[in-house]
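Notes for the one structure printed next.
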Amino acid sequence: MLDLYYWTTPNGHKITIYLEEAGLPYNLKPVNIGAGEQFAPGFLAIAPNNRIPAIVDHAPADGGSPLSLFESGAILVYLAEKTGKFLKSDLRGRHETMQWLFWQMGGLGPMAGQNHHFSQYAPEKLPYAIERYVKETGRLYGVLNKRLADRAFVAGEYSIADMACYPWIVPHERQGQNLDDFPHLARWFDEIADRPAVKRAYAIAAKVSQAPVVTDASRSILFGQSAKTVK
């Protein structure tokens, strides 16, 4: 059995999608990041970066003590290796998937996240910052659209790379992007949205919380951290 420490963000959705797709049983442990629950000592013991998601696997493959992991990309790789699902085992297939997983972790996620911050959440609207990140998000959408022009999924077959990218495309309107401008991406997006496991994952999110992650009350908790936060 796995414990999943989760909140209703794109990175949280990645893991519920995987677990629902793979049929792995898990205990959902919500961590309300807007209320500061990510700073609880028990959570920091498994997620020292005070971010969701994190997991604890009580039955790791080596038969040892429970294994904890943080960082959504690392968790996806771990689960894929544990189950043998959604990550090819051959050299070329594995690394084709891995490079696109890393592309999401290093590019699409951070850039879209900055897009959200400056266009939606920043108390002062800075035109340069908004334009910078909206354009860069659009460039990354273009990269993904081109990649999907001649294949069904990011790495050919449905994989953890798709599960990593999809939740960051869901808020495309808030990111200032029109999927009509990216027809191959739009086709892929609709196909993944229609998967039963993806629908279940987002239904779980709706049950956990339908409130916005960022509110006036939570703004300082989410965006007011510094080196002094790490104790």
**Selection from the range 14-37 of residues that are touching a strand residue (DSSP E or B) at 6+ places or on another chain (Cβ under 9 Å) and either touching a residue at least 24 places away in the same chain (Cβ under 8 Å) or part of a loop (DSSP other than H, G, I, E, B) (or both)** = I15, T16, L19, L24, P25, Y26, N27, L28, K29, P30, V31
**Message:** Being of a type outside the set (D, E, K, R), surrounded by fewer than 23 Cβ atoms within 10 Å (Cβ to Cβ) and in a helix (DSSP H, G or I) is the filter here; which residues of the range 145-164 pass it?
**Reply:** N145, L148, A149
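With the structure loaded, tell me whether K228 is free of Cβ contacts under 8 Å to residues at least 12 places away in the same chain, more than 23 Å from T8 (Cβ to Cβ), among the charged types (D, E, K, R) and part of a helix (DSSP H, G or I) or whether it fails that test.
Yes: the conditions hold for K228.
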**Complete:** Result of the Cβ filter at 9 Å on the range 143-154, keeping first residues that are under 18 Å from G106 (Cβ atoms) and partners that are outside any helix (DSSP H, G or I) and β-branched (V, I, T), at least 6 apart or interchain, is L144/V154; R147/V154
**Request:** Of the conditions (1) surrounded by fewer than 19 Cβ atoms within 10 Å (Cβ to Cβ); (2) charged (D, E, K, R); (3) more than 15 Å from the chain's Cα centre (by Cα); (4) outside the structural domain of R151 (by TED's automatic domain parsing), D57 clears all except one; give me its number.
**Result:** (1)
**Asked** Is there any pair with a first residue in the range 165-176 that is β-branched (V, I, T) and a second that is at pLDDT 95 or above and assigned to a loop (DSSP other than H, G, I, E, B) whose Cβ atoms are under 9 Å apart and which are 6 or more apart or on different chains, and what are they?
**Response** I169/Q175; I169/Q177
**Prompt:** Does Q120 meet the test of being in contact (Cβ under 8 Å) with a residue 40 or more places away in the chain, crowded, with 18+ Cβ neighbours inside 10 Å, assigned by TED's automatic domain parsing to the domain that holds A164 and part of a helix (DSSP H, G or I)?
**Reply:** no
**Asked** Taking into account only those residues within the range 187-229 that are modelled with pLDDT of 95 or more and β-branched (V, I, T), which is surrounded by the most Cβ atoms within 10 Å (Cβ to Cβ)?
**Response** V198
**Item:** Matching residues in the range 187-203 - criterion: being closer than 25 Å to K135 by Cβ, touching a residue at least 24 places away in the same chain (Cβ under 8 Å) and out of contact with any strand residue (DSSP E or B) (no Cβ under 9 Å at 6 or more places or on another chain)
**Value:** R187
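The values are calculated or read from the model by the stated rules, or taken from the named source; none is laboratory data. All of these numbers come straight from a predicted model, not from anything done at the bench. Because the Cβ atoms are built from the backbone with ideal geometry, glycine has one as well, and the counts that use them run over all protein chains shown.
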